[in-house]
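Step one of this worksheet: look at the structure below.
The values are calculated or read from the model by the stated rules, or taken from the named source; none is laboratory data. Source: prediction; values computed, not measured. Cβ placement follows ideal geometry from the backbone for every residue including glycine, while neighbour counts extend to all protein chains displayed. Areas reflect the complete protein model, heavy atoms only, side chains present, ligands, DNA and RNA absent. Shrake-Rupley method; radii C 1.70, N 1.55, O 1.52, S 1.80 Å.
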Amino acid sequence: MGKLDVAILRYLSGEDFRVLTAVEMGMKNHELVPGSLVASIANLRHGGVHKLMKELCKHRLLTYERGKHYDGYRLTNAGYDYLALKALTNRKVIASFGNQIGVGKESNIYTVADEDRNPLCLKLHRLGRTCFRNVKDKRDYHAHRNRASWLYLSRISATKEFAYMKALYDRGFPVPKPIDFNRHCVVMELVQGGPLTHVTSVADPESLYDELMNLIVRLGNCGVIHGDFNEFNIMLDEEGRPIIIDFPQMVSTNHPNAELYFDRDVKCIREFFKKRFGYESDLYPKFDDLERDDEMDTEIACSGYKRTKMVDDELLQEMGIGLQVSDDEESQSECDDDAGDADTKPNYKDNEVEALRKEVEESIMNDEKKPIIEQITEKTDVLTIEQAKNDEEVPELVLNEESKDEKEPDFDKNSQKYRLAMIEKALSDVRSMRTYTSASTIAPEVVKQQVKKNLEDRQKKMERKKAIAKGEASAVTRQRRDNRETIRESHGLWGWAE
């Protein structure tokens, strides 16, 4: 759940994104995707795929975890972000990435720009934070499913928000202009202003109060309720006009708790104006005063309207996600039931793997034709490369310094041996200067200390690597070790004992 670092995105190849897409497809019905299945879906050589997955794990785009019955790979939030950014870049929606401008309990907000350098807003949905994990109980994102992964819930949340925003924008509501979306990312117009919670005073509180209350009534007449209509989700532009944001929690007026949500939105505005601006009015809308004049809740499949599973599937299909991971929970429950009867990896049908391969081909077809972003970051690694070169020369410089510190042989200054030794020393100094010229003014003691520290850090790093089990080979070794230990403790029950 950390910050998004896109510096590595410019260095990833098409095969890297192919592997990430294969892991995403494998997570349709697997909590952990085995490496052999990733290689089969990606349609690449197994050895090359394992090398790619190792590098992706190094950059934390994938994670290798140990399951109860088998080990496998899982797509991280950063890997999911990279897949979405890659798709949006190929669509020419975004061309550069900026700073983070906001953090919420279920999303991160960044500034981006298109090819014409027009500023845009990128919202990454981040469901699953520790402070907001009861979303599965409060919202019906997973509908008829028993369980759902956080990545899939984030994807549905972004899909719903884009649908709500587009429907509201088409009806003339003051909302940001929706641009595009992919997976859990939504790109919208950047609002030139700030949230209402940062405003300390306004010229006309009464007019702003009436305008916000009218927006609540307009939403209700269209058949929807915002559900979180407060000072944090209302922005004021440069002209002082309110703009509504954050829509994933919107519900229909037919929801069982619709009146409760409506009264809560009205109460939030009344209390804020009373505390912040000292304005209190006895006029405020009530739920019974709503007069429905639109069916927007039915159009966008809003939570609470009378619906069926078929309608939900059609909406998600139209929004472009195609229910690619809709069977996550059902397949996972089947794997859990079958896991007790087998200790090996589950079997996969050829037609299922072939279907996943086709999905991967369709998903990355545009990625292979178009280059990766070149303006994502402006950072370079020139200094790092030069520093690495200097670090390689340090041991040689240390040797030269040590050779200079050696004592000269104790000869008679007038003897021939002494003159020959001086000539040999002069020649060796000339050779060393020709080979290892340096303008460094660092003291030899400092260089020695730095080299010693680097060697100690390298040794500690190697020891840590030895303590960490990596790859599927470690899982096989661990299983064999457990089997040997079981046989040893059986005291000859299996026919032999050490």
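Within the stretch 177-232, how many residues are closer than 24 Å to Asn118 by Cβ and not small (Gly, Ala, Ser)?
Residues in the stretch 177-232 being closer than 24 Å to Asn118 by Cβ and not small (Gly, Ala, Ser): 17 in total.
Would you check if Lys92 is part of a loop (DSSP other than H, G, I, E, B) and modelled with pLDDT of 85 or more?
It is true that Lys92 is part of a loop (DSSP other than H, G, I, E, B) and modelled with pLDDT of 85 or more.
I need every pair where a residue in the stretch 289-304 that is more than 18 Å from Glu259 (Cβ to Cβ) has its Cβ under 8 Å from the Cβ of a residue that is basic (Lys, Arg) and part of a loop (DSSP other than H, G, I, E, B), sequence separation at least 6 or different chains.
Here the result reads Asp294/Arg171; Met296/Arg171; Ala301/Arg307, each pair linking the stretch 289-304 to a residue that is basic (Lys, Arg) and part of a loop (DSSP other than H, G, I, E, B).
Among what's in the stretch 58-75 and is under 16 Å from Arg480 (Cα atoms) and basic (Lys, Arg), pick the residue that is most open to solvent (accessible area, probe 1.4 Å).
Checking each candidate, the answer is Lys68.
Let's see how each residue does on (1) open to solvent by 40 Å² or more (accessible area, probe 1.4 Å); (2) under 30 Å from Gly194 (Cα atoms); (3) modelled with pLDDT under 85; (4) not β-branched (Val, Ile, Thr):
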residue: Pro256; (1), (2), (3), (4): yes, no, no, yes
residue: Met310; (1), (2), (3), (4): yes, no, yes, yes
residue: Leu315; (1), (2), (3), (4): no, no, yes, yes
residue: Glu359; (1), (2), (3), (4): yes, no, yes, yes
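Criterion first (surrounded by fewer than 20 Cβ atoms within 10 Å (Cβ to Cβ) and of a type in the set (Lys, Arg)) does Arg18 satisfy it?
Against the criterion (surrounded by fewer than 20 Cβ atoms within 10 Å (Cβ to Cβ) and of a type in the set (Lys, Arg)), Arg18 does not qualify.
Can you tell me which condition His255 does not meet? The list is (1) in a loop (DSSP other than H, G, I, E, B); (2) out of contact with any strand residue (DSSP E or B) (no Cβ under 9 Å at 6 or more places or on another chain), and all the others hold.
It fails just one condition, (2).
Within the set of pairs 6+ apart or on separate chains, which have a first residue in the stretch 201-219 that is touching a residue at least 24 places away in the same chain (Cβ under 8 Å), a second that is among the hydroxyl-bearing types (Ser, Thr, Tyr) and surrounded by 12 or more Cβ atoms within 10 Å (Cβ to Cβ), and C-beta atoms under 7 Å apart?
Pro205/Tyr279; Glu206/Tyr279; Tyr209/Tyr279; Tyr209/Ser281; Met213/Tyr284
Mind checking whether some residue in the stretch 205-213 is polar (S, T, N, Q), under 27 Å from Leu83 (Cα atoms) and out of contact with any His (no Cβ under 6 Å at 6 or more places or on another chain)?
No, the conditions are met nowhere in the stretch 205-213.
Please pick out the residue among Ile225, Ile243 that is over 17 Å from Glu299 (Cβ atoms) and either without any contact (Cβ under 8 Å) to a residue 40 or more places away in the chain or surrounded by 15 or more Cβ atoms within 10 Å (Cβ to Cβ) (or both).
Ile243
(1) open to solvent by less than 10 Å² (accessible area, probe 1.4 Å); (2) more than 14 Å from the chain's Cα centre (by Cα): which one isn't true of His50, the others all being true?
Among (1) open to solvent by less than 10 Å² (accessible area, probe 1.4 Å); (2) more than 14 Å from the chain's Cα centre (by Cα), the lone unmet condition for His50 is (1).
Taking the conditions exactly as written (modelled with pLDDT of 90 or more and in contact with a strand residue (DSSP E or B) (Cβ under 9 Å, 6 or more places away or on another chain)), does Arg241 satisfy them or not?
Judged against the criteria, Arg241 is a match.
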